[in-house]
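My structure is below; once you've seen it, I'll send some questions.
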Amino acid sequence: VPTPRTNLDENTISRTTVRWKVHYLECSADDENDNAHNNSTATTATTTSAGMIYLNHGFGASSLSWLPAMKALANAPRLPNSVVAHDAPGFGFTARRPTATKDDDGGQLSSWKENAELEQYFTSQASAALGHALWHQKTLLYQSEDDDDDDKPNSNNSPPQPVVVLMGHSMGAITTLRMALLLPSTVPKRIVLVAPALGLRGKRRRRRQRQMTTSATTQPRRNSNLFRRANQFLTNRLVDPLATYILRRAVGRPGFWRAGLGVAWGDAQRVTAADVLRFQWPAVGRGWEKGLLLFSRAQLQSSRREDMDDDHVLLQKVLCLPNTTVDVIYGELDPVVKPAVIQRFFQPYNETVQLVEMPGLGHDPFEEDVPAFVEVLQKVLNY
């Protein structure tokens, strides 16, 4: 799978501009190959008129988890025939850290080894920003090709914006909702959340906020820097090395991924060697443990950041967007995010959000039964 470099020159996070090597997959109905391919071979004028399907993966996975469904989605009648998915920071083959940071004037601020706030770039909002930048890059590319093919000089009657189908699996549901808020309001959005891991962090977030309030009123402020340095020292010298060793030992065990997929899927007999390899492959990359640790630590620190809204607040903001719909697909036998949890979270939105349960399937229905998933998706989107 190719690993093109994507420079996010126009994307800002916390007032810094980042340049990140992002691994992504792109698949088009016009491609003759069976696999997802590089952007250099997937730029045809037909993708603009049909819009785009953008996929966000879940925890512990990568864009490769969507690979079995990408070709089927691109070839499905009336669905957008350009499908894109990127590896979130900390997962897959996306670089484990940006190459540089720059201030608003273009001057270099620091190397990443000296940046104490590295964790902020391993959040769902950062991944959504990468997805937005990649969508923007692809949109400009497709529009440029259309302009080259169109000899009509009059652009006053511009065509309507092509629809974007945003899909997020499990943890990727949060990324998808955040990405929807970043896209222009004029872009029609059809959001489909697959086994969404929503409503699982609200209580933890409120409890951590209470702890932070208590700590702020009882501890002298001058000790905060000392505590922070001590915590950083213990993390670098003790916690990270130990966690890295445990991760390597666990993931390196024979049958680790097969056993994990067998539990997550509705039927363990569906798991093939190719499925196992798609999850195992990114683990051969150097520094994958560091990326996973950075992401996990960022989630623990998320309650301190204003960008981490409560999941209900986040969903409500998306539902208020113009030209936007939200639907949910989940497996009947999902042991990771149980159907009862999904139904309870979306119960207040039963008049605006459609829930569809796929019988006999588990946490990854788009991998477990691709034809059935595509058929359900077409019905959900009324295509």
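Every residue in the range 79-100 that is crowded, with 22+ Cβ neighbours inside 10 Å, among the polar types (S, T, N, Q) and at pLDDT below 90, please.
Passing the criteria: N81, T94.
Do any helices (runs of 4 or more DSSP H) lying entirely in the range 231-316 carry at least 2 residues that are modelled with pLDDT of 75 or more, and which ones are they?
Working: elements: 240-251, 256-264, 273-280, 288-300.
Here the list reads 256-264, 273-280, 288-300.
Do you know which residues across the range 351-378 are open to solvent by 20 Å² or more (accessible area, probe 1.4 Å) and touching a helix residue (DSSP H, G or I) at 6+ places or on another chain (Cβ under 9 Å)?
T352, Q354, L355, V356, E357, G360, D369, V370, P371, A372, V376
Anything in the range 317-329 that is in a helix (DSSP H, G or I) and open to solvent by 10 Å² or more (accessible area, probe 1.4 Å)? List them, or say none.
Across the range 317-329, the qualifying residues are K317, L319.
From the list A36, A72, A42, A50, which one is crowded, with 16+ Cβ neighbours inside 10 Å and at pLDDT 80 or above?
Just a single option satisfies the conditions, and that option is A72.
The values are calculated or read from the model by the stated rules, or taken from the named source; none is laboratory data. Quantities reported herein were computed from a predicted structural model and do not represent experimental measurements. Cβ sites come from the backbone with ideal geometry, for glycine too, and all protein chains shown count toward neighbours. Note: accessible area is taken over every heavy atom of the protein model, side chains too, but ligands, DNA and RNA are not part of it. Shrake-Rupley method; radii C 1.70, N 1.55, O 1.52, S 1.80 Å.
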